[in-house]
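One structure below.
The values are calculated or read from the model by the stated rules, or taken from the named source; none is laboratory data. These numbers were taken from a predicted model, which means no experiment stands behind them. No Cβ is skipped: glycine too gets one built from the backbone with ideal geometry, and neighbour counts run over all protein chains shown.
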């Protein structure tokens, strides 16, 4: 880990007028939300034995024969990735570094860990949905529904890889099955809360246009670069007072046009945040 880059980033965190955090899956991975290995085997041993799933994520796409089995799998998936705390305090460490600054968070993560760690919910924009929300599969209307109470019942009451039929979630308007509020195609519901968060994010960017802004990208891969990575590059290029920082284990880089105003650290995010706290102290 390059100590000079750590010190540069610490200085930018302290001196910037505003910090825009762009967070991808790598941040939650650093916090311990892994979808393979021991954690996957602990929560899904029966599904692994029956279907030979290699990881939690791919199992979520399997076309189960019944809704009862589908929701037996997905209720565990939601429970361990949304309602349990992250194994490592990475999100809390990030908050400790920015809580006294003017910040906003744009994230493709759907595990709600920012809000659970204490980030101001009015400074968060979850662009791709939330494991804690359901929507009509059609959808017949643009509204989402909290699922915690029913999910906890599904986990507690399922037997032989099936939930009780009466717990299968159905749309209260049309009666068709509910589905996850996760962006995968054009049926994704952008409800009122989603649009309000989008407006707050746009307003934040407008209010800090031309100021000393730090675009802090954490764990963003190549799956959806048009949401965070490319806009951060573009906004940094357009604002000569801006700095782009990228912390990503194995994928930390910046284009030549902004390289002289970029800080790229190829390391585990949690380790970098711990070092930044030491430097700050």
Matching residues, segment 10-29, being part of a helix (DSSP H, G or I) and surrounded by 24 or more Cβ atoms within 10 Å (Cβ to Cβ): 27, 28
Matching entry among 72, 49 (being at pLDDT 95 or above, surrounded by fewer than 19 Cβ atoms within 10 Å (Cβ to Cβ) and more than 25 Å from residue 248 (Cβ to Cβ)): 49
Residues satisfying the stated conditions in segment 69-117, i.e. assigned to a loop (DSSP other than H, G, I, E, B) and under 19 Å from residue 276 (Cα atoms): 88, 89, 99, 100, 101, 102
Top-ranked residue of segment 118-133 - restricted to ones that are touching a strand residue (DSSP E or B) at 6+ places or on another chain (Cβ under 9 Å) and part of a loop (DSSP other than H, G, I, E, B), ranked as surrounded by the most Cβ atoms within 10 Å (Cβ to Cβ): 119
Given (1) in the same structural domain as residue 195 (by TED's automatic domain parsing); (2) more than 20 Å from residue 178 (Cβ to Cβ), index of the condition residue 112 fails: (2)
Unmet criterion (only one of (1) touching a residue at least 12 places away in the same chain (Cβ under 8 Å); (2) not assigned by TED's automatic domain parsing to the domain that holds residue 158) for residue 11: (1)
